[in-house]
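Peer 1: Attaching a single structure in structure tokens format; questions to follow.
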Amino acid sequence: MKRIPHFLEINRPSILPLIAAILAIAIFILDTVTDLEIAAAVFYVAVVLMSVSFCQKRGVMLVGAACIALAILSYFLTRSGSPEAGLINCVISISAITATTYLVLKIDSARVAVYEARAQLAHIARVTALGELTASIAHEVNQPLAAVVTNGNAGLRWLTNQPPNVEKTKQTLERIVREANRASEIVGRIRNLAKKTGPQNERFNFNETVLETIALMLSEIQRNHVSLQTELQDDLPLVFGDRIQLQQVVLNLLVNAVEAMAMMEEGPHNLLVSTTNDNTRTVLFAVHDTGTGLEPDKLNRLFDAFYTTKLEGMGMGLAISRSIVEAHGGRIWATQNERRGAIFQFELPIRRAGMP
Ligand SMILES: Nc1ncnc2c1ncn2[C@@H]1O[C@H](COP(=O)(O)OP(=O)(O)OP(=O)(O)O)[C@@H](O)[C@H]1O
Ligand SMILES: [Mg+2]
């Protein structure tokens with residue numbers, strides 16, 4: 001069984017294998033000291049069920065086999081009671097353990113298939129979102145490259161001066177290196193977003209992720225005459241989860257907000273992006289826009305798959321965002337902005353202290 005990295009399992013105590021082992025020993029003792037007529041061995045199914053959360057496919061099979069071996073061993077060790085009834089009970093227990101192991105493995109492979117389908121869909125949506133931002137990204141990469149050319153020409157001029165100005169040439173070369181690094185960082189970010197990787201859980205600075213996402217959209221923001229304001233809390237605790245997937249959620253919400261404002265010809269185009277951690281248990285990310293706003297009767301459909309009001313929309317952005325946030329143990333919701341526009345927010349739980 002392929003282990004699905006579940007974000008919630010970060011809070012799961014690692015003593016579960018120990019509890020399962022103690023339970024198995026307790027059942028074995030109970031099964032051996034009690035009468036052969038009492039089928040205490042059926043309780044081994046609980047051990048098999050517990051093993052799913054800390055074992056892979058082979059491990060669960062091994063646990064099942066070990067439980068069967070213990071049930072048989074205790075049948076031979078038990079002295080009291082009728083041997084016929086004991087044999088029947090032993091067969092019943094073995095059947096229960098086998099059936100449970102089989103069903104547990106089946107259910108888990110279905111869970112893996114659903115999980116993989118979701119990850120693939122998220123990847124496709126990410127690449128599609130990047131495709132929509134091509135013009136903006138090209139502009140972002142082009143800016144540092146243009147600066148490289150300008151500084152290169154200036155450097156050549158300082159060198160061909162008589163006498164050559166070494167100090168000025170050095171400064172232009174430093175600027176070239178800085179700008180080239182900037183271009184390479186932008187390309188790196190895009191590559192990361194487009195890459196197909198399995199979930200990678202890590203602790204990361206969420207504000208940085210938000211700023212990186214905004215950087216990818218800057219030209220799009222400018223092109224649509226959006227005035228951007230960021231209020232990112234300074235001492236925001238590190239967030240634990242899949243950075244790329246959470247960046248995808250931020251990107252979806254920002255793209256939606258800019259699209260909603262692009263549809264409004266009149267009035268201000270104000271985008272407020274904020275992060276806070278008021279209640280110390282969660283990190284809250286919010287996007288306030290002054291776009292088309294949300295119709296109250298459509299509020300509960302926004303996050304449904306394929307719900308879209310756009311001609312070229314797929315209606316998957318918010319559905320995928322919700323599944324990502326919920327897989328991280330968080331929640332996402334939308335409300336109407338006070339005067340006009342919408343507010344989309346999501347909160348993520350912070351890992352409890354003392355966790356690895
Ligand atoms: N900031 C917003 N303001 C107003 N309406 C919004 C906003 N964000 C989302 N919506 C509404 O929710 C719908 C669903 O959004 P979602 O991001 O899931 O799909 P989409 O943007 O239509 O298409 P795509 O799959 O390309 O993202 C949008 O079509 C729009 O009607
Ligand atoms: Mg969208």
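Peer 1: Please indicate, with yes or no, whether at least one residue in the range 323-335 is within 14 Å of ligand 1 (Cβ to nearest atom), farther than 24 Å from residue 221 by Cα and either at pLDDT 95 or above or open to solvent by less than 20 Å² (accessible area, probe 1.4 Å) (or both).
Peer 2: Checked the range 323-335: at least one residue is within 14 Å of ligand 1 (Cβ to nearest atom), farther than 24 Å from residue 221 by Cα and either at pLDDT 95 or above or open to solvent by less than 20 Å² (accessible area, probe 1.4 Å) (or both).
Peer 1: Give the residues of the range 194-249 that are assigned to a helix (DSSP H, G or I), open to solvent by 40 Å² or more (accessible area, probe 1.4 Å) and closer than 24 Å to residue 292 by Cα, sorted by residue number.
Peer 2: Passing the criteria: 218, 222, 223.
Peer 1: Name the residues in the range 293-305 that are more than 16 Å from ligand 2 (Cβ to nearest atom) and either surrounded by 16 or more Cβ atoms within 10 Å (Cβ to Cβ) or part of a loop (DSSP other than H, G, I, E, B) (or both), would you?
Peer 2: 295
Peer 1: Same structure, new question: Can you name the residue in the range 188-237 that is among the hydroxyl-bearing types (Ser, Thr, Tyr) and more than 17 Å from residue 252 (Cβ to Cβ) and is also farthest from the chain's Cα centre (by Cα) among such residues?
Peer 2: Top of the filtered list is 227.
Peer 1: State which residue pairs qualify: first residue near ligand 2 (Cβ under 8 Å from one of its atoms) and of a type in the set (Ser, Thr, Tyr) and inside the range 306-324, second residue part of a loop (DSSP other than H, G, I, E, B) and open to solvent by less than 20 Å² (accessible area, probe 1.4 Å) in any location, beta carbons under 9 Å apart, and separation of 6 or more residues or different chains.
Peer 2: These pairs meet every condition: 308/315; 308/316.
Peer 1: For the range 277-292, which positions are open to solvent by less than 10 Å² (accessible area, probe 1.4 Å) and more than 12 Å from ligand 1 (Cβ to nearest atom)?
Peer 2: 283, 285
Peer 1: Here is a follow-up. In the range 263-276, which residues are at pLDDT 95 or above and either open to solvent by 50 Å² or more (accessible area, probe 1.4 Å) or within 13 Å of ligand 2 (Cβ to nearest atom) (or both)?
Peer 2: Answer for the range 263-276, where residues must be at pLDDT 95 or above and either open to solvent by 50 Å² or more (accessible area, probe 1.4 Å) or within 13 Å of ligand 2 (Cβ to nearest atom) (or both): just 270.
Peer 1: So, one more: Which residues, taken from the range 79-90, are part of a helix (DSSP H, G or I) and open to solvent by 50 Å² or more (accessible area, probe 1.4 Å)?
Peer 2: 83, 84, 87, 88
Peer 1: Another one. Just to be sure before I move on: is residue 181 touching a strand residue (DSSP E or B) at 6+ places or on another chain (Cβ under 6 Å) and either loosely packed, with under 15 Cβ neighbours inside 10 Å or assigned to a helix (DSSP H, G or I) (or both) in the structure I sent?
Peer 2: Here the answer is no, as residue 181 does not meet what is asked.
Peer 1: Among 191, 175, 157, 126, which is the only one that is without any contact (Cβ under 8 Å) to a residue 40 or more places away in the chain, within 21 Å of residue 209 (Cα to Cα) and outside any loop (DSSP other than H, G, I, E, B)?
Peer 2: Answer to the check: 191.
Peer 1: What residue, of 109, 93, is open to solvent by less than 40 Å² (accessible area, probe 1.4 Å) and at pLDDT 85 or above?
Peer 2: Step by step, each of 109, 93 is checked, and only 93 is open to solvent by less than 40 Å² (accessible area, probe 1.4 Å) and at pLDDT 85 or above.
Peer 1: May I ask you to say which residue of 245, 233, 229 is in contact with a Pro (Cβ under 8 Å, 6 or more places away or on another chain) and touching a residue at least 24 places away in the same chain (Cβ under 8 Å)?
Peer 2: Step by step, each of 245, 233, 229 is checked, and only 245 is in contact with a Pro (Cβ under 8 Å, 6 or more places away or on another chain) and touching a residue at least 24 places away in the same chain (Cβ under 8 Å).
The values are calculated or read from the model by the stated rules, or taken from the named source; none is laboratory data. This one's a predicted model, so the numbers in the text were calculated from it and none came from an experiment. Cβ coordinates were reconstructed from backbone atoms using ideal geometry, including for glycine residues, and neighbour counts include every protein chain displayed. Remember, those area values only see protein heavy atoms, side chains included, never the ligands or the DNA or RNA. Shrake-Rupley method; radii C 1.70, N 1.55, O 1.52, S 1.80 Å.
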